[in-house]
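Taking it in order: structure first as structure tokens, then the write-up.
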Amino acid sequence: QVQLVESGGGLVQPGGSLRVSCAASTSFFRFYTMAWYRQAPGKQRELVAEIPRDNTTNYADSVKGRFTISRDNGKKTVALQMNSLKPEDTAVYYCSARWNNQYWGQGTQVTVSS
């Protein structure tokens, strides 16, 4: 079982920036594909960005050029830097770890509003 704890959500104005982070409990962190998903009210959960063990990155088209995912294997953390935020980025953001099984964090609310 892997425990994931997110932090860093909050309220930000359109055009602003926010960074969310996720700390994992597993000693095998470096083997996991880490990812951020989000779920807005009334919508399905969607993949925002992912970073496999080889440090390649994949992004949803809607966030390309604005969001950056990164990982620190030594600290067992993954972060999502979000710039140029838009109201449509408002959602609960979930950290995910996948390696055979998939684990989820509890989610952190990101609200983009003036």
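The values are calculated or read from the model by the stated rules, or taken from the named source; none is laboratory data. Here the structure is a predicted model, which means the values were calculated and not measured. Here Cβ is always computed from backbone atoms with ideal geometry, including for glycine, and neighbour counts include all displayed protein chains. These accessible areas exclude ligands, DNA and RNA; they are computed on the full protein's heavy atoms, side chains included. Shrake-Rupley method; radii C 1.70, N 1.55, O 1.52, S 1.80 Å.
Summary of computed values
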{"read-out": "Residue identified as charged (D, E, K, R), under 30 Å from SER114 (Cα atoms) and either out of contact with any strand residue (DSSP E or B) (no Cβ under 7 Å at 6 or more places or on another chain) or open to solvent by 60 Å² or more (accessible area, probe 1.4 Å) (or both) among ARG53, ARG98, ARG19", "value": "ARG19"}
{"read-out": "In region 24-41, the residues that are farther than 12 Å from ALA97 by Cα and either β-branched (Val, Ile, Thr) or modelled with pLDDT of 95 or more (or both)", "value": "ARG38, GLN39, ALA40"}
{"read-out": "Looking only at region 81-91, and only at residues there that are buried (at least 18 other Cβ atoms within 10 Å of the Cβ) and in contact (Cβ under 8 Å) with a residue 60 or more places away in the chain, the one that is farthest from the chain's Cα centre (by Cα)", "value": "LEU85"}
{"read-out": "Selection status of GLY105, touching a residue at least 40 places away in the same chain (Cβ under 8 Å), closer than 16 Å to VAL2 by Cα, open to solvent by less than 70 Å² (accessible area, probe 1.4 Å) and out of contact with any Gly (no Cβ under 8 Å at 6 or more places or on another chain)", "value": "yes"}
{"read-out": "Residues that are open to solvent by 60 Å² or more (accessible area, probe 1.4 Å) and either assigned to a strand (DSSP E or B) or in contact (Cβ under 8 Å) with a residue 40 or more places away in the chain (or both), drawn from region 60-71", "value": "THR68"}
